[in-house]
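Asks: Submitted below is the structure of interest, expressed as structure tokens.
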């Protein structure tokens, strides 16, 4: 690099940050909360990826992390300004998730009850990622009335949470972890 890159800018020291487009907002702003939650999800997907899992799943998780970065950029965009063109999430990415879900489901036993998260660290990470994914979806839905968020963003997260649930089950099978059904007592 020709120019030294510093990670700190000092521009956020007073509790403000910039959206893509330059508008300054408080760090607790709804858009910051939305893309921050997606960033948290991306980090948890990285934890799954760091487990001793098969290479095809690892590559697919990297693809998901790339799409989550796209989603973060979309959410960080200042819709009140004419900001630059950003990458988009399309139905192709949703179809990829659905195909992966269907492929994993082929080798899993049918579900007859809810299951309790756990059984192996990788399984638990997948369940944590799933719950953060659901929170990200809820956060974006709360944001939507004030900000035009493309509905495909929530559709992607909805399908991703399904993927993460099935991935947890697949990883449980891969690691011979016991799947614990929730059997409520009345």
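The values are calculated or read from the model by the stated rules, or taken from the named source; none is laboratory data. Quick caveat: nothing in here was measured; it's all calculated off a predicted structure. Note that each Cβ is placed from the backbone with ideal geometry, even for glycine, and that neighbours are counted across all protein chains shown.
Asks: Please state which one of 155, 170 is farther than 28 Å from residue 33 by Cβ and at pLDDT 90 or above.
Replies: Exactly one residue qualifies, and that residue is 170.
Asks: Further question: Scan region 165-186 residue by residue and report those that are surrounded by 11 or more Cβ atoms within 10 Å (Cβ to Cβ), in contact (Cβ under 8 Å) with a residue 60 or more places away in the chain and either in a loop (DSSP other than H, G, I, E, B) or under 20 Å from the mean Cα position of the chain (by Cα) (or both).
Replies: 166, 167, 169, 170, 171, 179
Asks: Could I ask something else about it? In region 136-161, which residues are within 13 Å of the chain's Cα centre (by Cα), buried (at least 17 other Cβ atoms within 10 Å of the Cβ) and touching a residue at least 40 places away in the same chain (Cβ under 8 Å)?
Replies: 136, 139, 140, 153, 156, 157, 159, 160
Asks: Next question. Any residue in region 9-20 that is in contact with a helix residue (DSSP H, G or I) (Cβ under 9 Å, 6 or more places away or on another chain), at pLDDT below 95, outside any loop (DSSP other than H, G, I, E, B) and under 28 Å from residue 97 (Cβ atoms)?
Replies: Yes - at least one qualifying residue is present in region 9-20.
Asks: May I pose another question? Could you check, for region 88-101, whether at least one of its residues is in a helix (DSSP H, G or I), touching a residue at least 40 places away in the same chain (Cβ under 8 Å), touching a strand residue (DSSP E or B) at 6+ places or on another chain (Cβ under 6 Å) and on the phi < 0 side of the Ramachandran plot? Break it down into steps so the answer makes sense when it comes.
Replies: From region 88-101, those in a helix (DSSP H, G or I) are 91-101; that's our starting set.
So of that shortlist, the ones also touching a residue at least 40 places away in the same chain (Cβ under 8 Å) come out as 91, 93-94, 97-98, 100-101.
Restricting the remaining residues to those that are touching a strand residue (DSSP E or B) at 6+ places or on another chain (Cβ under 6 Å) gives none.
Checked region 88-101: no residue is in a helix (DSSP H, G or I), touching a residue at least 40 places away in the same chain (Cβ under 8 Å), touching a strand residue (DSSP E or B) at 6+ places or on another chain (Cβ under 6 Å) and on the phi < 0 side of the Ramachandran plot.
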